[in-house]
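Accompanying notes for the structure given below.
The values are calculated or read from the model by the stated rules, or taken from the named source; none is laboratory data. Everything numeric in this text was worked out from a predicted model, so none of it was measured. Neighbour counts are summed over all protein chains in view; Cβ atoms, including those assigned to glycine, are modelled from backbone coordinates with ideal geometry. These area figures cover heavy atoms from the full protein model, side chains too; ligands, DNA and RNA do not enter into them. Shrake-Rupley method; radii C 1.70, N 1.55, O 1.52, S 1.80 Å.
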Amino acid sequence: SVILGMLCTALMFVIGLGCLAVLVLAAYLRWRRQSEVVGFFHPYSDDGGGGERVLWCAIAAILEAEPGTRVVVYTAPPRSGSLEAPAIVQRAKDRFNVSIPARVEFVWLYHRRWVEASSWRRVTMLGQSLGSVLLGLEALIQLNPGCFIDSMGYAFTMPLAYWLAGCKTASYVHYPTISSEMQDMVSSGRTAHNNSTNVSQSKLRTSIKLVYYRGFQFVYSWAGYCSQKVMVNSTWTHGHITKMWGHPASKVYPPCNVRRFAEIPLGNRDQLVISIAQFRPEKDHALQIKAFAQMIQNYPGAATQSVRLELIGSVRNSEDQGRVDTLKALAQEPVSYTHLRAHETPEHLVCRLLLEKKKKKG
């Protein structure tokens, strides 16, 4: 009983010390808060994807509406190119045709690996979410803004910014971290990118994973509730987020500049099916190839018309490149004339080049 009492005392001391540390950190962050700053938490701001276009369009809109606003982007240093702010802004102009009318500042995050899937081989969702809290803390310790905006979907940074740092908070959600479809996939016993064969073929592991998913959804819902303003990119995401977070959400569709596409005539083109998306596991490019192969089998005339599938998207790292190599091998099995491409250039530029090429051939 003496040992048990000592252990309880030690535990209470550790808990008390932890609470004191949190209070001290909160006081420090709030004391250093710069209320005139709008901060965008976007660890991947230089990758050339659709999410980055949303970021730069949002920054441009804020600076046009409120020219005196001080805008800061929390992000990892670019993998290539200059780290100078004007050079990064110019790359955004070159890639997305988005002009930033005023100066933008950058706060560098040097521990982005905490939110990368490769750092969390097991319980990846939970690991990345905990990693986002640490990365968010790295951001706020360097500069605590008046308004903290998560523009990538790291919902677990919201309690940190709202409760600890005292910021106003907002989120732009591209897709929920957890969804009912993911849970249905596990329940069904089907194998997918988020449900390996080891799990799908075991009732015990399936049950454990469902408990994990449901527990994660509960905490994710609480984290999202800390976002005072919520924006989503689609009706599908709107349905999930409003149900889980308990917040009304505004649908703000991603900005797509189609003006130059509209100038290209519709006639005299090759028979192409074009899919544009980054080569990430949740895009399920393999399913697209299998569906295309099934279409060819069901409609043999498509083969004689030289119908092709082109998958176009950016490759962020070696894992993405590995997925592309796997897809190329898969394409040779069901339908050898499927054509795959992996581009590191912006998707809309690649698409325009392809369309112009077809127009010139005609």
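Observations on the structure shown:
- Relative to the longest principal axis of the Cα atoms of the chain, the long axis of helix 235-245 makes an angle of roughly 10 degrees.
- Sequence-separation-based contact order of segment 182-316, relative, with Cα cut under 8 Å and 6+ spacing, percent: 18 percent
- Gaussian network model of the chain, springs between alpha carbon atoms under 10 Å - residue of GLY301, GLY68, GLY127 with greatest fluctuation: GLY301
- Compared with the dominant principal axis of the Cα atoms in the chain, helix 85-96 is inclined by about 40°.
- Dipole magnitude of segment 16-170, debye to nearest 20 (Cβ charges: Lys/Arg +1, Asp/Glu -1, about Cα centre): 300 debye
- Calculated FRET value between ALA262 and ILE15, using beta carbons and R₀ = 56 Å, to 0.05: 0.35
- Of all accessible heavy-atom area on the chain, the percent that carbon and sulfur account for (1.4 Å): 60 percent
- Here the calculated FRET efficiency for SER180 and LYS328, from their Cβ-Cβ distance with R0 = 30 Å, stands at 0.35, rounded to the nearest 0.05.
- Cα-centred dipole magnitude for the chain, charges only on beta-carbon of K, R (+1) and D, E (-1), debye, nearest 20: 460 debye
- Accessible area expressed per residue, the chain, with surrounding protein chains retained (probe 1.4 Å, Å²): 54 Å²
- For the options GLU181, GLU310, GLU64, a Gaussian network treatment of the chain with springs between C-alpha atoms closer than 10 Å singles out GLU181 as fluctuating the most.
- Helix 124-142 and the long axis of the chain differ in direction by around 60°, with both axes built from C-alpha atoms.
- Applying a DSSP loop filter and a limit of 14 other Cβ atoms within 10 Å to the trypsin sites (Lys or Arg not before Pro) in segment 1-82 leaves ARG32, ARG79.
- Residue with peak Gaussian network fluctuation, the chain [Cα springs, cutoff 10 Å], from LYS251, LYS290, LYS229: LYS290
- Label-point separation in nm, TYR253 to ARG190, each point 7 Å along Cα→Cβ: 2.7 nm
- Karplus-derived 3J(HN,Hα), 6.51/-1.76/1.60, for each residue of segment 26-40, Hz, glycine and proline x: 4, 4, 5, 5, 5, 5, 9, 5, 10, 5, 7, 9, 10, x, 9
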